[in-house]
1. Sort GLU471, GLU310 by heavy-atom solvent-accessible area, probe 1.4 angstrom, most to least.
2. Would you mind checking LYS387/LYS515; LYS191/LYS437; LYS331/LYS406; LYS730/LYS753 for any pair whose Cα atoms are more than 22 angstrom apart?
3. Which value, in Å² rounded to 10, gives the accessible area of GLU934 with a 1.4 Å probe and all protein chains present?
4. Students often get this wrong: which residues of the range 328-344 have the backbone nitrogen under 16 Å from the point 7 angstrom along Cα-to-C-beta of ILE967?
5. Of GLU592, GLU878, which has the most accessible area and how do the rest follow, probe 1.4 Å?
6. Can you give the charge dipole size of the range 925-1018 about its Cα centre, rounded to the nearest 20 debye, using +1 on the beta carbon of Lys and Arg and -1 on the beta carbon of Asp and Glu?
7. Under the 0.36 nm per residue contour assumption, what length would be gained going from the current alpha-carbon distance of TRP836 and SER927 to full extension?
8. If ligands, DNA and RNA are left out, what is the accessible area of SER930 with a 1.4 Å probe, given in Å² to the nearest 10?
Amino acid sequence: FSSYLSSFSEPERCLQANNREFNTLFGYPNNTIKTSKYNVLNFLPLNLFEQFQRLANAYFLILLFLQLIPQISSLAWYTTVIPLMVVLSITAVKDAIDDLVKWLPGPPADMLLLSSSEPYSLTYIETAELDGETNLKVKQAISVTSDMEDNLKLLSAFDGEVRCESPNNKLDKFAGILTYKGKNYILDHDKLLLRGCVIRNTDWCYGLVIYTGPDTKLMQNCGKSTFKRTHIDHLMNVLVLWIFLFLGSMCFILAVGHGIWENKKGYYFQNFLPWKEYVSSSVVSAILMFWSYFIILNTVVPISLYVSVEIIRLGNSYYINWDRKMFYAPKNTPAQARTTTLNEELGQVKYVFSDKTGTLTQNIMIFKKCSINGTLYGMHVFLLSLKKVDFSYNKLADPKFSFYDKTLVEAVKRGDGRVHLFFLSLSLCHTVMSEEKVEGELVYQAQSPDEGALVTAARNFGFAFRSRTSETITVVEMGETKVYQLLAILDFDNVRKRMSVIVRTPEDRVMLFCKGADTIVCQLLHPSCRSLGDVTMEHLDVSDFAIEGLRTLMVAYRELDNAFFQAWSKKHSEACLSLEDRENKISNVSEEIEKDLMLLGATAIEDKLQDGVLETIITLNKAKIKMWTLTGDKQETAVNIAYACNIFEDEMDEIFIVEGKDDETIWQELRYRWENPVNSYLTMKPKMPFKIPEEVPNGNYGLVINGYSLAYALEGNLELELLRTACMCKAVICCRMTPLQKAQVVELVKRYKKVVTLAIGDGANDVSMIKAAHIGIGISGQEGMQAMLNSDYAFCQFHYLRRLLLVHGRWSYNRMCKFLSYFFYKNFVFTLVHFWYAFFSGFSAQTVYDTWFITFYNLVYTSLPVLGLSLFDQDVNETWSLRFPELYEPGQHNLYFNKKEFVKCLVHGIYSSFVLFFVPMGTVYNSVRSDGKEISDYQSFSLIVQTSLLWVVTMQIALETTYWTMISHFFIWGSLGFYFCVLFFLYSDGLCLMFPNVFQFLGVARNILKLPQLWLSLVLSVVLCMLPVIGYQFLKPLFWPVSVIDRIHHCMRHPLPPPIRTKVKHASSRRSAYAFSHKQGFGALITSGKTMKGKPKKSKLNSYLENLKSKRTIGYLFYGRTRRGGCGEMGLCSHWFSGQGRHGCSP
């Protein structure tokens, strides 16, 4: 055991049953799960830390400290403190609401199975929330604890001590030792019930908790919550740095100007403009003036920017919550934006990583069609309006089963022999467990949903599988109960791709029934079935089986000679007991009997997709969004769904399958087709942070890779080979993945592609990739609430993703880009007027505007118009957004707001500020009123400049608005009218006389607004500022035409006819759906007798071997790994078969 424990890679965990005092010594966590990133203690420091990662917030904090220095402060300190506090408070409240604490105290922990209600303490579980599979799996307690059953006295007295590995994220591995009554028992993964699994077909079970809360394997795979920020947030940080440099440059220029002015003029006018006592020279004065201008020009980085951004994001989040077209009526559940910080990121998604089970599919298998003896039965696409077949004649029929072809029922009723044999085969050839707690109400537990659908179909057509023992199968055939003797089960595996059962009928005939992949079964048919096989294959390839992407398999049988079977049975017994190369020997023996089969027909099962999945994926492809499917399910199942969803297409040039089991093989599989200098560059510099360039492949390809190969491919240089190959493929399928691998794939794309990623899933096994992606979406499905609780957005149906991205996402991105462009522009214009004014004011840090105008400019005068633009504007409506997915592409390349667009805003702002300063100056320079009085005073000039400024920025936002509503008109023109109302109020006689030190512009409004110079200045400023904008908008389509927009405008004038719904062809080649579990099925378990209720009979190894020679052939498939049991015996020991289990032996 010491060598066994030394294999643990981490310090071991130690615990003892029913000993709380001992266990608390180690400080293990409780079973509470918290999915939020904040708590009461860390909220304030963590939230402030995150907020001050925004450079603008840090900038204003520094500005606040500067304003506390009286020598340089030209503005009161509270002008910065109050806005900063408001910004931080609003953002903190919003973040707290986004991150409402979600405690999950109820779900079970990871526990060691001690006993259960089933024989031999077997427990049947479903692990959909862990690996996406809905097939049934089996766990078994060790025999020393199974004897306690549900005896609470024995369970409470149990004091076994467990030593095991420390918490880790390996879902399929567990190593530990149970010490009980002085003996040691080895524990492995088959003894552990994981948090997230669902117990099926088992009344009760007891266990010893091993891992709790965050230590459970499920939570170890969930990853850490991270602070998600959009690409625009990162860009704004860069732009703020640019603005700082620009601001510093302006302050430096003005400080130098001030030093020159003071040296040449100010020094000689100290009698009129005395220097402060702390100013000893013009150099000192210039240094102080640098910081004074730094404070005055701070509006070039407006603090209201981030408040406005948060309001816009909040508003666009409510649009998602209120969208009735994303409301799922069956569950009364609306779409939910669980964060308000990522809306515009929805308009920039390039890669979508999707789970399969429960996300793309409903996880419901439907028996859709079949071909029996060359005749095709089932619902055709053009017969969708037919009524369902009435199965009321069958008392055991499943009321939820639907079928639409009456001819098949008629064939059953008239006693068609081939049809009867076909459904008899389906009712016998399986490993389904049946439970009948209420008379006539059968409940099936299948290891594969495919099997469940087939057995249910046979049940409805009159061949109901009712029960089984280790030796018999009971079937109700057309109302008559018949018992078949089970002779052998040749179970499914990934190599055989088929399963067979051998039974003895009530008429004493030995029959073999086989079902499997059509490509395999065809090779096993008797030559006389060649013509029937051709007809059946035509049904699979040419008919709707292929068009609809159904999951198909073939059904065949063979009647065996009794003597031949007895001889074969002896060979099979020897193969089962072989200690060397047992699996290959069993497979070879099975092939001897699975030949010369007579074909019965084929089945077609629909793995029912969620509504709208196909249309959604087609639309996303048109929007240039790449779709990767990351699933824990089997490869064959995943590929079938990929074809059904149009992720893979039959027109693809090739599907690459990576299934190597070492570095060299995987390297060759990934690299053989893409050898070129770019790849060499990636290999030479693997650790250098860079962006992998986009490459155009010379064809249309798909990629399939399994989790085992992926573990190697994500290491070292291979990850770049993997990423490059995957990105050159149209679609990628990663199967048999662990939750952590899903996150690693997402992180790989994020790290090297520098694009926006989105992950969508519905189970706890998807949480890690949901957290890793830029945007995480949880579907409220059949696999619990973990994915939804850890997501950024949540809804009930996959097809809502199309609307979320193409409508809400695109609108949010466009609105945010327009907002930022306009917001930076209006503040550049507003601030840079001070720069020009400095040359005419002795560089004295004098403001050009009235103090109240400075206060209200961003807060009141320009806030509502820009918010209206950012909340209501639409370039095209939702119909055209969905009809033309190509409109989504600019967001992926961030074309509407980037560094280039920012520079345009800056240049435009510099030009407009130049116009807004010099046009009013030229207008009032040496001007007089009609009565001869001068009007070129400071207050009059200030009013003319600020009025012209408001008109210019108002007309600018009017040009930016493409979707006019009454709200838009009210916000834009109402804000302009409100300015004049406030102007008359602030400059009124009464207010100025009551507070002369605060309101100093007495009578300026009524005197200036009636002067023609004001209106001349206003008209000239608006015309000169708007001409370049109008000219650019006019010339842009001529030199840089956008075909999609032109097409939309044409369609708006000449509406398109309604789109014609056409049938999408999927499969010109066969894709068998016989993709059961990658492990062996329940064959060995069934024949062992352990599924029988009640205590098993104890027998010695000798009696067991004698049974092998008898015709009952019980225990044929008692095979597995050969290893040393707890008793020291190799292979199959007597303790195991006797059921005593005193030594804790393994099979």
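The values are calculated or read from the model by the stated rules, or taken from the named source; none is laboratory data. Because the structure is a prediction, the values reported are computed rather than measured. So basically every Cβ, Gly included, is an ideal-geometry build from the backbone, and we count neighbours across all protein chains shown. Accessible surface is based on the protein model in full, side chains and every heavy atom, while ligands, DNA and RNA are left aside. Shrake-Rupley method; radii C 1.70, N 1.55, O 1.52, S 1.80 Å.
1. The ordering from most to least exposed comes out as GLU471, GLU310.
2. Over 22 Å apart, Cα to Cα: LYS387/LYS515; LYS191/LYS437; LYS331/LYS406.
3. Counting only protein heavy atoms, GLU934 exposes about 130 Å² to solvent.
4. Answer for the range 328-344: none.
5. Ranked list, largest accessible area first: GLU592, GLU878.
6. 120 debye
7. Numbers: separation 91, 0.36 × 91 = 32.76 nm, distance 2.04 nm.
Extra length available between TRP836 and SER927 comes to 30.7 nm.
8. Number for this one is 130 Å².
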